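Heads up: the structure comes next, in structure tokens.
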Amino acid sequence: MIEAEGLTKYYGPLPAIRDVTFTVERGEVVGFLGPNGAGKSTTIRILTCYMPPTTGVARIDGLDCFARSLEVRERVGYLPESVPLYAELTVKGFLRFAAGAKGVEGKKLEGEVRRVIAICGLENAAHRIIGHLSKGFRQRVGLAQALLKNPSVLVLDEPTIGLDPAHIIEIRRLIEELREEHTILLSSHILPEVAQICQRVLIINKGQIVATDTPANLTRQLQKSAQIQLRVGGQARELAPVLENLGGVQKVSLVDTDHQKLFVETDRSGDLRPEIARLVVAKGIDLLELKLVDLSLEDIFIQLVTEEPSQEGSQS
Amino acid sequence: MKGFVAVYRKELYSLFALPVFYAVAFTFLVLAGYFFYSAIVYYNLLSFQAGQNPMMAKQMNLMEMVLRPFFFDLSIVLLLISPLLTMRLYAEERKTGTMELLLTYPLPDRSIVLAKFAAVVSAFAVILAGTLPGIFLLDYLANPAWKAILCGYLGILLLGSSFMSLGVFTSSLTQNQIIAAVLSFGALLMLWVIGWAKSYVGSTMGEVIDYLSIVKHFDTFAKGILDSRDLLYYLIFIVFFLFLTLRQVATYRWRG
């Protein structure tokens, strides 16, 4: 549905993205993750026909974004990063314009505008002037214009940036609802959000794709060690040397002695939890809590993004 | 011309929703009223004198003595205000980022250029219509030649459209509205006064320069004469600058 093939874009002598290749299948919701300035918006702007790549091909629905720009633009609903809107228009006026610009005509136009207003919960704001709206409402208007004419592909650039938590949850719920009818590419630098909404994640850093997989797989693959957290009723300090002698344990660290909490780092050869439990109980110490700590997507992200600079250095 | 109507309506709405239009319309109409009034009063004085002097009475001509100076005065005000009407068209869209929306909608660039141009010309036509009550008053008091007057109005509309086509172009050059207005005003003034060079550049060059002068072609219209050469001049002028705008807009994509 969305194909990027070796996309490279130079701004002057500086490459914003280099050799970005990925595909998004029909009906998928894919998260596009990267730190600020990694090239997310550049890639997205190429896919939405805002600008052509320096080299490489982008295709939507098999149509070249450059050569058949108008047809591609018919199929894509786009929410730009800063949500640019015409401040002097009313919400309804703006949506009418956007619908007209997308080629919705005559009688269908009013119905289509009403439909997206309902989806985005803008009924009460329909006659307000966009310049007077709060950020959350503006974001919804932006989303509403992207949904006009029911495009098969939705490209949302940072749809939740700068919103308060309540609005973030709302927008997220909205995206959840949309996944059934649309192929969605969503960029973000907020990880939990991507982990929640997306089936697949593309991680981009310094203009290159560094990883692509499901959030769960990424976690599994990149986790070099497993961490077990345990909380005991007695002296955690005494327990530490004993645990260190256990086969497969790499490191034991005490978190805070007051709460008797320990972190045990193990290699991934097998699950050590039963063994640890037996050992603690055999020592006559009460075991209060024992759990496997998964590396969060955030940790993986940091890992990928911070590993990159050393490779960069050696290349250049 | 896909999407022309949608963009045209939006542009017109924006023009009427923002205060610049009203400031421009107010200034234009106050000045136009003053010019019209002066021309009429002066004509009135001359008429009294002509009552005593039959030789002079033969020379009294409403078109020549009231309407031609009136149209000429309007053209000067137009030179000042048209950059203000056009300056925001592209500059603002680029500044606020709405250009990104516009360029990712399935709209051909030429629809956008034409719609913006048509909208600002329509807004000017609305302002210009504000001078019509004076003409109706004239019709009530005297017996003006309506065809000649219409010709004058066509001329001022064409002159305005030419100014605005250049304004659309300078607006597409920059993100700053002030710069767009200054560039457009400078270019228009240059085209206005270029005819002065005629006296010292030699005869062949002089004719070329004379032809380029933007007001020279207006004068025939102001006299109430419809000359296809002048009509053609304005049409070519408009098409040329709209074409340049189109090329300029295409470069946005390449520059990103």
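Helix content alone sets the calculated 222 nm mean residue ellipticity of chain A: runs of n ≥ 4 DSSP H residues at -39500 (n - 2.57) each, divided across all residues, give -11500 deg cm²/dmol. In terms of other Cβ atoms within 10 Å, A:Thr43, B:Thr98, A:Thr55 run from fewest to most in the order A:Thr55, B:Thr98, A:Thr43. Peptides A:29-41, B:154-166 ranked from most to least packed give B:154-166, A:29-41, packing being the mean of other C-beta atoms within 10 angstrom over each peptide's residues. Seen through its C-alpha gyration tensor, with square-root eigenvalues sorted a ≥ b ≥ c, the range A:41-171 comes out oblate because a/c lies at 1.5 or above while a/b is not bigger than b/c. Between A:Asn124 and B:Tyr200, the distance separating the two model label sites (each 7 Å from Cα on the Cα→Cβ line) works out to 7.2 nm. The simple Förster model, with R0 at 45 Å and r as the Cβ-Cβ distance, assigns B:Leu141 and A:Tyr11 a FRET efficiency of 0.10.
Placing unit charges on the Cβ atoms of the charged side chains and taking the dipole of chain B about its Cα centre, the candidate lying farthest along the positive direction among B:Val239, B:Tyr105, B:Gly130 is B:Tyr105.
With charges set only on the Cβ (+1 for Lys and Arg, -1 for Asp and Glu), what does the dipole of the range A:224-293 come to about its Cα centre, in debye to the nearest 20?
Working: 10 positive and 10 negative charges, 28 e Å.
So the magnitude is around 140 debye.
Test of the criteria: in the range A:82-135, which GluC sites (Glu not before Pro) are in a DSSP loop and have at most 15 other Cβ atoms within 10 angstrom of their Cβ?
Working: sites: A:Glu88, A:Glu105, A:Glu110, A:Glu112, A:Glu123; in loops: A:Glu88, A:Glu105.
Counting only loop positions with at most 15 other Cβ atoms within 10 Å, the GluC sites (Glu not before Pro) in the range A:82-135 are A:Glu105.
Between B:Val5 and A:Glu181, the distance separating the two model label sites (each 7 Å from Cα on the Cα→Cβ line) works out to 2.4 nm.
Treat the count of other C-beta atoms within 10 Å as a stand-in for reagent exposure and order B:Tyr34, B:Tyr8, B:Tyr90 from fewest to most.
Numbers: B:Tyr34 11, B:Tyr8 21, B:Tyr90 29.
Final ranking by Cβ density, sparse to dense: B:Tyr34, B:Tyr8, B:Tyr90.
Computed from label points 7 Å out along Cα-Cβ, the spacing between B:Leu45 and A:Arg237 is 10.9 nm.
Sort A:149-158, A:280-289 for me by packing, meaning the mean count of neighbouring Cβ atoms within 10 Å per residue, highest on top.
Details: A:149-158: 21.3, A:280-289: 13.7.
Put in order of decreasing packing, that is A:149-158, A:280-289.
Using helices alone, what [θ] at 222 nm do you get for chain B, with -39,500 (n - 2.57) per DSSP H run of 4 or more residues, divided over all residues and rounded to the nearest 500? About -27000 deg cm²/dmol. Where the centre of each part is set by its Cα atoms, how far does the range B:179-203 sit from the range B:46-67, in angstrom? Using only Cα atoms to place each centre, the spacing works out to 35 Å.
Among A:His182, A:His127, which comes first, second and so on when ranked by fewest other beta-carbon atoms within 10 Å? Can you show the working numbers first?
Numbers: A:His182 22, A:His127 10.
So the ranking, lowest neighbour count to highest, is A:His127, A:His182.
Residues of A:81-88, mean number of Cβ from any other protein chain within 10 Å of their own Cβ, rounded to a whole number?
Values: counts 2, 4, 2, 9, 4, 11, 6, 7.
Mean shielding count: 6.
Peptide A:42-53 is shielded by partner chain Cβ atoms: per residue, an average of 3 of them sit within 10 Å of its Cβ. Here's the picture: charge each Lys and Arg Cβ at +1 and each Asp and Glu Cβ at -1 in the range A:2-220, and of A:Gly77, A:Val210, A:Thr90 the one pushed furthest to the positive end of that dipole is A:Thr90. The Cα atoms of the protein assembly as shown cover 133, 53, 42 Å along the three principal axes, with the biggest extent listed first.
Looking only at other chains, what is the average number of their beta-carbon atoms within 10 angstrom of each beta-carbon in A:94-100?
Working: counts 3, 0, 4, 10, 5, 1, 11.
Mean number of neighbouring Cβ atoms from other chains: 5.
For a label point 7 Å from the Cα of A:Glu25 along Cα→C-beta, name the residues of the range A:186-209 whose backbone N is under 14 Å from it. Under 14 Å, as judged by backbone N against the label point of A:Glu25, lie A:199-201 of the range A:186-209.
Between the residues A:Phe22, A:Gly56, A:Ala67, the greatest Cα displacement towards the positive end of the dipole of chain A, with unit charges on the Cβ of Lys, Arg, Asp and Glu, is found for A:Ala67. Mind checking which lysines have their Cα closer than 19 Å to the Cα of A:Lys206? Skip sequence neighbours fewer than 8 apart in that chain. Partners within reach: A:Lys9, A:Lys40. Each Lys and Arg Cβ is given +1 and each Asp and Glu Cβ -1; about its Cα centre, chain A then shows a dipole of about 840 debye.
Put the Cα centre of the range A:21-47 next to the Cα centre of the range A:107-184 and the gap is 20 Å. Here the dipole of the range B:4-255 is about 440 debye; that uses its Cα centre as origin and unit charges on the Cβ of Lys and Arg (positive) and Asp and Glu (negative). Evaluated at q = 0.13, 0.14, 0.15 Å⁻¹, a Debye calculation over the C-alpha positions of chain B (equal weights, vacuum) places log10 I(q)/I(0) at -0.87, -0.98, -1.08.
Take every DSSP beta bridge whose two residues both sit in the protein assembly as shown; close to 65 percent of them are antiparallel. Under 12 Å from a label point set 7 Å out along the Cα-to-Cβ vector of B:Val126, the amide N atoms of the range B:1-18 belong to B:9-18.
Laboratory data are not the source of any read-out in this text; all were calculated from the coordinates shown. This one's a predicted model, so the numbers in the text were calculated from it and none came from an experiment. All Cβ positions, glycine included, derive from the backbone under ideal geometry; neighbour counts span all protein chains shown.
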